[in-house]
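Below is one structure, written out as structure tokens; comments come after it.
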């Protein structure tokens, strides 16, 4: 037995699509929360090649996953 949807034709279909998008945009995705973030950048020039620069970037993060999230 098929379900009768309100609004027939193109305008009914369009209204349903707008409703789906509106509901999806209001939904809580519940991703992990970043509490603390620190960036460290270190640069050094090579003694043999002064035009070459070495750069190291380190990012430290503390992430708390919300309850109910599955891996």
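None of the figures in this text is laboratory data; all of them are computed from the coordinates on show. None of these values were measured; they are calculated from a predicted model. Positions of Cβ are backbone-derived with ideal geometry, glycine not excepted, and every protein chain shown enters the neighbour counts.
Grab the Cα-Cα distance for residue 3 and residue 33, subtract it from 0.36 nm times how many residues apart they are, and report the gain in nm with one decimal. Present the calculation step by step, with values, prior to reporting the outcome.
Values: separation 30, 0.36 × 30 = 10.80 nm, distance 4.07 nm.
6.7 nm is the gain from fully extending residue 3 to residue 33.
Relative to the longest principal axis of the Cα atoms of the chain, the long axis of helix 9-26 lies at roughly 40 degrees. Placing pseudo-labels 7 Å out from each Cα toward the beta carbon at residue 46 and residue 17 gives an inter-label distance of 5.6 nm. Residues 16, 55, ranked from the fewest to the most other C-beta atoms within 10 Å, line up as 55, 16. When the alpha-carbon atoms of the range 9-64 are used, the pair Rg, Dmax equals 24.6, 74 angstrom.
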